[in-house]
Amino acid sequence: MNKTFYHYRNRNSMQVRIIIFGIIISALLTSCNMQNYQAKQKENLEQKANPISDPDVFIGKHKAKAMVLGVFHFHNPGLDSYKPKYAFNILERKRQEELEILLKQIAEYKPTKILVEWDRIKDDSIANERYLKYLNGTFSIDDKSNEVYQLGFKLAKKLGHKKIYCSDASAEWFGVELDWDNYDVEAYLKSKGQYEKSTRYDFQSFYELSDSLKTVQTLTEHLAMLNSPKNRLKDHQAYLTDLILEGAGDNYLGADGVAKWYRRNLRIFANAYDFTDFDREERLLLIYGSGHVWQLRQFFMDSPDFEYIEPIEYLIK
């Protein structure tokens, strides 16, 4: 055979392969288009069969934004199960400089309303009387370390707000009544065979490590760590492990304790919802102890009226 024949045969072979390849691609595209068409038809049929499943039915015309900034208590009242062991003074010059950096970063969120962890019913009028005096220079917060003053008042003034919003609420105990002065939780759990299961996770070491880090991190660094969704979930899981088990199958002391915590956070969310003007583009900022973040975050995320904004977006630049 001569060279011409070889070239002719190879060229024909190449053309055949190209044609086959084109047929395969065409078939794949046709199959994909058919699958997309069938999926769309299925979606349309499902929507016709169940029209209330349309996610847009209940979404409001205006969507508010909400952000929960989790903090540690600058002036800790000692009401939590973990008692702080490491000193922190927000009034020190170094910490005040760090506070100014933090305020500048959070101000970029441009909140329209600042909600703080003081009781709405008991404290709102007092807090706003003090805030107005703070604005006109007749009330000093130079010696007041509480984060409501140092974060709430200062940020509200920086943004030109006329008032702040106390949004906390109490949640009364509704569970079993015990002789609390003589109640021994460890002995009780052991008597029920629940002690080992309830202490599988060492949350106290987790809390202590976090407490210690505030002494070596800047204020913004520490709040960035606290507001990490993974750390907030880890903190929330304490309610669903050691605490929830207490009294299971008996008085349900633990489950009722968790329910009380949910009840308080639901009331806080109800206040935030009440404060929101859905005729304008609201941007709520809640300043709360970091333990509240996971539940409040979930409420805002599940609501059809809010877009939740992660504070980490403003804390890490």
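Derivation of every value follows stated rules applied to the coordinates shown; laboratory data play no part. All figures in this text were calculated on a predicted structure; none of them were measured in a lab. Backbone-built Cβ (ideal geometry, glycine too); neighbour counts: all protein chains shown.
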Run TYR134 past the list (1) over 20 Å from TYR314 (Cα atoms); (2) of a type outside the set (Gly, Ala, Ser); (3) part of a loop (DSSP other than H, G, I, E, B) and report the number of the one that doesn't hold. (3)
Output the helices (runs of 4 or more DSSP H) that fall wholly within the stretch 178-274 and possess 1 or more residues being under 25 Å from GLN105 (Cα atoms), or say none. 203-213, 219-226, 229-236
I'd like to know if the stretch 115-123 contains one or more residues that are among the β-branched types (Val, Ile, Thr) and surrounded by fewer than 18 Cβ atoms within 10 Å (Cβ to Cβ). yes
Tell me whether the stretch 183-203 contains one or more residues that are within 22 Å of the chain's Cα centre (by Cα) and loosely packed, with under 15 Cβ neighbours inside 10 Å. no
Name the residues in the stretch 241-267 that are under 18 Å from the mean Cα position of the chain (by Cα) and aromatic (Phe, Trp, Tyr), would you? TRP261, TYR262
Show the residue pairs meeting these rules: Cβ distance below 9 Å; 6+ apart or different chains; first residue within the stretch 93-120 and touching a residue at least 24 places away in the same chain (Cβ under 8 Å) and of a type in the set (Ser, Thr, Tyr); second residue surrounded by 18 or more Cβ atoms within 10 Å (Cβ to Cβ) and part of a helix (DSSP H, G or I). TYR109/TYR314
Only one of (1) out of contact with any helix residue (DSSP H, G or I) (no Cβ under 8 Å at 6 or more places or on another chain); (2) without any contact (Cβ under 8 Å) to a residue 60 or more places away in the chain is not met by TYR195, so which one is it? (1)
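Matching residues to (1) out of contact with any strand residue (DSSP E or B) (no Cβ under 6 Å at 6 or more places or on another chain); (2) crowded, with 18+ Cβ neighbours inside 10 Å; (3) not hydrophobic (A, V, I, L, M, F, W, C):
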| position | (1), (2), (3) |
| --- | --- |
| ILE106 | yes, yes, no |
| ALA127 | no, yes, no |
| THR138 | yes, no, yes |
| GLU147 | no, yes, yes |
| LEU159 | yes, no, no |
| ILE164 | no, yes, no |
| SER170 | yes, no, yes |
Among the candidates ASN231, ASN251, residue that is surrounded by 15 or more Cβ atoms within 10 Å (Cβ to Cβ) and within 19 Å of LEU286 (Cα to Cα): ASN231
